[in-house]
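Student: The structure that follows is given in the form of structure tokens.
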Amino acid sequence: KLMAIDPSGRGADETGYAVVNQLHGNLFCPEASAISGGGYDDGTLTRLALVAKKHQVNTVLYENNFGDGMFGKIFLPVLNKIHPQCRLEEVRSLKQKEQRIIDTLEPVINQPRLVFSRNVVEHDIAQADKDIRYSLFYQMTRMTSERGALAHDDRIDVLTLAVAYWIEAMARDRKNAERDHQASLLDKDLESFMNGLILNTPGAISRKSLL
């Protein structure tokens with residue numbers, strides 16, 4: 001279970017967040033939204049920590065927008081107080097935002113392996129009634145690779161952050177699974193070979209040939 005946060009500056013844009021869980025290679029999003037106002041005030045930090053506790057996430061990621069890790073330093077004490085079982089990780093991205101979003105989300109959506117809770121859709125519709133530019137699904141369906149394609153992209157950006165984490169984790173899991181499978185096959189071959197030596201079965205190397 002994972003929660004990603006894209007903190008806004010002091011008073012600018014929104015602080016976006018998305019909870020994305022992974023099971024059997026599929027991704028499930030039970031909550032995705034944003035909090036207006038600065039990402040460093042106590043009210044915003046407390047609400048984010050409560051979301052993490054509500055969904056019992058194991059890890060909270062945050063994007064380091066300003067390069068100083070200040071959000072993590074301020075948020076960690078609040079998170080430890082409300083949901084101490086959770087770890088906090090910082091991530092950075094140097095790739096162009098729009099292209100990064102498309103490269104990450106397009107394959108997962110097309111397969112499809114990303115599932116949204118009905119609550120996410122209903123909440124997003126309610127938010128769109130106020131200003132559709134802040135809607136997650138509006139941003140998702142209108143994103144292009146052109147720099148500055150959207151006036152607001154906080155919600156799709158933070159969803160991308162969470163999905164990218166799981167893509168990397170699943171890639172590591174696949175490599176580990178392949179390695180374990182190869183090791184298992186080698187163990188079986190060695191066991192069969194040793195049994196042949198001990199039992200001197202037909203086709204095995206005879207004891208005489210070893211002398």
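The values are calculated or read from the model by the stated rules, or taken from the named source; none is laboratory data. This one's a predicted model, so the numbers in the text were calculated from it and none came from an experiment. Cβ coordinates were reconstructed from backbone atoms using ideal geometry, including for glycine residues, and neighbour counts include every protein chain displayed. The area values use the complete protein model at the heavy-atom level, side chains included, leaving out ligands, DNA and RNA. Shrake-Rupley method; radii C 1.70, N 1.55, O 1.52, S 1.80 Å.
Student: Among (1) exposed (fewer than 10 other Cβ atoms within 10 Å of the Cβ); (2) in a loop (DSSP other than H, G, I, E, B); (3) at pLDDT 90 or above, which single condition is residue 148 missing?
Tutor: The failed condition is (3).
Student: Taking the criterion of being part of a strand (DSSP E or B), at pLDDT 90 or above and surrounded by 15 or more Cβ atoms within 10 Å (Cβ to Cβ), would at least one residue in the range 67-78 satisfy it?
Tutor: No - not one qualifying residue is present in the range 67-78.
Student: Among the listed residues 97, 1, which satisfies the condition of being under 19 Å from residue 152 (Cβ atoms) and open to solvent by 50 Å² or more (accessible area, probe 1.4 Å)?
Tutor: Answer to the check: 97.
Student: Only one residue in 30, 112 is on the phi < 0 side of the Ramachandran plot and not in a strand (DSSP E or B). Which one?
Tutor: 112
Student: When you check residue 115 against the structure, is it touching a residue at least 24 places away in the same chain (Cβ under 8 Å), of a type outside the set (Phe, Trp, Tyr) and under 26 Å from residue 47 (Cα atoms), yes or no?
Tutor: For residue 115, the condition - touching a residue at least 24 places away in the same chain (Cβ under 8 Å), of a type outside the set (Phe, Trp, Tyr) and under 26 Å from residue 47 (Cα atoms) - is met.
Student: Exactly one condition in (1) more than 17 Å from residue 158 (Cα to Cα); (2) surrounded by 15 or more Cβ atoms within 10 Å (Cβ to Cβ) is not met by residue 84; state its number.
Tutor: (2)
Student: Here's another thing I want to ask about it. Please enumerate the residues belonging to the range 128-145 that are out of contact with any Ser or Thr (no Cβ under 6 Å at 6 or more places or on another chain) and assigned to a helix (DSSP H, G or I).
Tutor: Scanning the range 128-145 gives 132, 133, 134, 136, 137, 138, 139, 140, 141, 142.
Student: Of the numbered conditions (1) at positive phi; (2) free of Cβ contacts under 8 Å to residues at least 40 places away in the same chain; (3) not basic (Lys, Arg), residue 25 fails exactly one; give the number of that condition.
Tutor: Every listed condition holds for residue 25 apart from (2).
Student: Filter the range 1-25 down to the residues that are of a type in the set (S, T, N, Q) and modelled with pLDDT of 90 or more, then identify the one that is farthest from residue 137 (Cα to Cα).
Tutor: Here the answer is 22.
Student: Now, a different point. If we scan the range 34-57, do we find a residue that is at pLDDT 95 or above, within 19 Å of residue 115 (Cβ to Cβ), assigned to a helix (DSSP H, G or I) and of a type in the set (Lys, Arg)?
Tutor: So far as the range 34-57 goes, yes, one or more of its residues are at pLDDT 95 or above, within 19 Å of residue 115 (Cβ to Cβ), assigned to a helix (DSSP H, G or I) and of a type in the set (Lys, Arg).
Student: Taking only the range 11-36 into account, find how many residues are open to solvent by 30 Å² or more (accessible area, probe 1.4 Å) and more than 16 Å from the chain's Cα centre (by Cα).
Tutor: Residues in the range 11-36 being open to solvent by 30 Å² or more (accessible area, probe 1.4 Å) and more than 16 Å from the chain's Cα centre (by Cα): 4 in total.
Student: With respect to residue 108, is the statement that it is crowded, with 17+ Cβ neighbours inside 10 Å, at pLDDT 95 or above and within 18 Å of residue 1 (Cα to Cα) true?
Tutor: Taking the combined requirement at face value, the residue does not satisfy it.
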